[in-house]
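The values are calculated or read from the model by the stated rules, or taken from the named source; none is laboratory data. Just so we're clear, the structure is a prediction, and the values are computed from it rather than from any experiment. In this analysis, Cβ positions are derived from the backbone assuming ideal geometry, glycine residues included, and neighbour counts consider all displayed protein chains. With ligands, DNA and RNA removed, areas are computed over all heavy atoms of the protein, side chains included. Shrake-Rupley method; radii C 1.70, N 1.55, O 1.52, S 1.80 Å.
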Amino acid sequence: MSNGAVPKREFFGIMCAFPSIEKEKKPMSKFDLTKKKAFVCDLDGTLFMGPNPIESAVKFVIDNTKSGRFRYFYLTNNTSKCPEEYMKKIAGAAIPVTPEQILTPLITLEAYIREKGYKSVYLIASEKVKAHMAARLADAGVSLDYDPERNELIALTYDKELTYAKLADATSLWNMRNCPPSPMCPVRTRNQTPVDFVATHPDNCCPSERGPIPDIGGMMKFLEITNGMKPSHVFGKPSPTLLAPVLAEFAPEEIAVVGDRLYTDKAIADNAGVDFVCVLSGETTLEDLAAYKGTPPAIVVETFDKVECGPN
Ligand SMILES: [Mg+2]
């Protein structure tokens, strides 16, 4: 793998090869650190608490990166930021990091556009994210502007520069191409091919120092209640598509996801069929684990570095 590229043909094959196994109640696995070659790390609550590194966890990552013992990948659903911004945060904690180690649904979106061969995409994104995607797709000749006659895909990201005009453009494009003619929806264009619609992740809210603030979930709901438009795919945690670049390099038993949220981090591990390391340095508490109805995590540790000590 180079420069964050993922194997084009296999990408959505991987998604199909990993149906949800969350409800199968598989027995608690014996976590064997010696079999692991790659860790997929959540950031907030796992390696960072807000802007501050969790020192012991970060030292564990630095030491094992430098020794080459494990390969690390860093996982985020947040598509309001470019991968470079996460690289800056991780490198700011003195962790050596390269672009292909950052797993964001923007990578999945790029792979999806390439796999489908789309050339005209209405990308709803901030200017910096749009510039990032334009650079990534420069070789494929993809336009990312609103173009009602040519757009083949509407791609929604967590756009913190969202405007009423962008939402109205998305719904009018859907009306022109996907809605059957009716008194409510009389508008049609010459191009009668239905337009595809995807969203980068499903999060309803984004945690902040002011409490939960709107994320992409509300934006999807806004569109849906306007004219019924729903995405054909929603990338990001808990969809295992986000782990495709890791699964292309390592066998499932060689991979573990480490994170502090059962409903996102554990869910993506379960959906991809890989072990989950639950850290207690973030959101999940021992009380949450006692009340949890799903299969237990492969191992529960105070902080990521304690994975070295094995199960209690
Ligand atoms: Mg977290």
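Observations, loosely collected:
- In the chain, the ratio of gyration radius to Kirkwood radius, Rg to Rh, stands at 0.99 when only Cα atoms are counted.
- Carbon plus sulfur fraction of accessible area for the chain, probe 1.4 Å, in percent: 57 percent
- Per residue accessible area in Å² of segment 106-234, where ligands, DNA and RNA are left out and the probe is 1.4 Å: 49 Å²
- Highest-first arrangement of 85-91, 105-111, 42-48, where packing means the average Cβ count within 10 Å: 105-111, 42-48, 85-91
- Orientation-averaged projected area, Cα convex hull of segment 157-312 (nm²): 13.0 nm²
- Low-density loop cleavage sites - trypsin sites (Lys or Arg not before Pro) in segment 187-256, where at most 14 other Cβ are within 10 Å (DSSP): Arg188, Arg190, Arg210
- Normalised by residue count, segment 51-159 yields a Cα convex hull volume of 104 Å³ per residue.
- Theoretical ellipticity at 222 nm over the chain - DSSP helices of four or more residues, -39500 (n - 2.57) apiece, nearest 500: -8500 deg cm²/dmol
- For segment 106-234, the spherically averaged projection of the C-alpha convex hull amounts to 8.1 nm².
- Phi-based couplings in Hz for segment 238-255 (Karplus 6.51, -1.76, 1.60; Gly and Pro marked x): x, 5, x, 4, 5, 8, 3, x, 6, 5, 6, 9, 10, 6, x, 6, 8, 10
- Note on segment 210-312: Lys pairs 8 or more places apart or on different chains, Cα atoms under 20 Å apart, count 6.
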